[in-house]
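Working notes, structure below.
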Amino acid sequence: MQDFRLSLLKTIAILLVILAFFLFFISLFEPVFVTEERVIEGYWILAMGWLGFLIFQFAWYANLLSFLSILLMSTRAGTAFILALLALLLATESFLFDEIPSGSSEKSIAIIDNDIGLYLWIGAHCAVLYAAILMLIRQKMLEHEERLEALKKSAPLSAIKNSSSL
């Protein structure tokens, strides 16, 4: 029964990572921000978002944290969870954007509304966080199982039964 639960947790985590990639990919072709002049698609944000550090907008860097979290998920689940949580928190900074700097003129372009691409992108980060949580639970279950096996090998069975009745 234990092996089934462990494999189920890993399978669901993999499906969540696949969902995250799908949501991220779809968000690239959907409008993210609506301005008076035009809509801004996700691919433009992906291409130009790394420049956000110049104006103290760091939400784009959540992509890097989520990707690193995915890479570390199977080996260092605790670190992956922390990175995924930080990525989601950093991604939510995008809700604070009220203007997009314009390189061609001195004034910025005001953002009127957020659109579906932003929510898909946030959803991708949520899926990575949930996958990291499942892998962390899986890792804790494995550690617990290993401790029980070590305890069974080191102590006689009667001592284990007596200690569990307390």
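No value in this document is a laboratory result; all are computed from the given coordinates. Since the structure is predicted, the reported quantities are computational estimates derived from the model, not experimental observations. A quick note on method: Cβ atoms are made from the backbone with ideal geometry, for glycine too, and the neighbour counts reach across all protein chains shown.
Using amide H atoms built 1.01 Å from N in the peptide plane, name the residues 5+ places from Ile111, or on other chains, whose amide H lies under 5 Å from its own.
Amide H neighbours of Ile111, under 5 Å, 5+ apart: Glu99, Ile100.
With N residues in region 77-150, what two-decimal value do you get for its Cα radius of gyration over 2.2 N^0.38 Å?
Taking the Cα Rg and dividing by 2.2 N^0.38 Å, one obtains 1.71.
Can you give the helix-only mean residue ellipticity at 222 nm for the chain, where every DSSP H stretch with n ≥ 4 adds -39500 (n - 2.57) and the sum goes over all residues, rounded to the nearest 500 deg cm²/dmol? Numbers along the way, then the final one.
Numbers: 6 runs with 106 residues, N = 166.
Computed ellipticity for the chain at 222 nm equals -21500 deg cm²/dmol.
Work out how much length Lys153 to Leu15 would gain on full extension: take 0.36 nm times their residue separation and subtract the Cα-Cα distance, in nm to one decimal.
Working it through step by step, the gained length comes to 46.0 nm.
If you stretched the chain out fully between Leu64 and Leu46, how much longer would it get, using 0.36 nm times the residue separation minus the C-alpha to C-alpha distance?
So the extension gain works out to 5.3 nm.
State the extension gain, in nm to one decimal, for the chain segment bounded by Ile109 and Leu54, taking 0.36 nm per residue of separation less the distance between their alpha-carbons.
18.2 nm
Once you put a point 7 Å from the Cα of Leu89 and another 7 Å from the Cα of His144, both along the Cβ direction, what distance in nm separates them?
According to this spin-label approximation, the distance is 2.7 nm.
Return the single residue from Leu151, Leu65, Leu19 with maximal mean-square fluctuation; model: Gaussian network over the chain, springs between Cα atoms under 10 Å.
Ranking Leu151, Leu65, Leu19 by mean-square fluctuation puts Leu151 first.
If you project the alpha carbons of region 2-164 onto the principal axes, what extent comes out on each, in Å, largest first?
80, 26, 21
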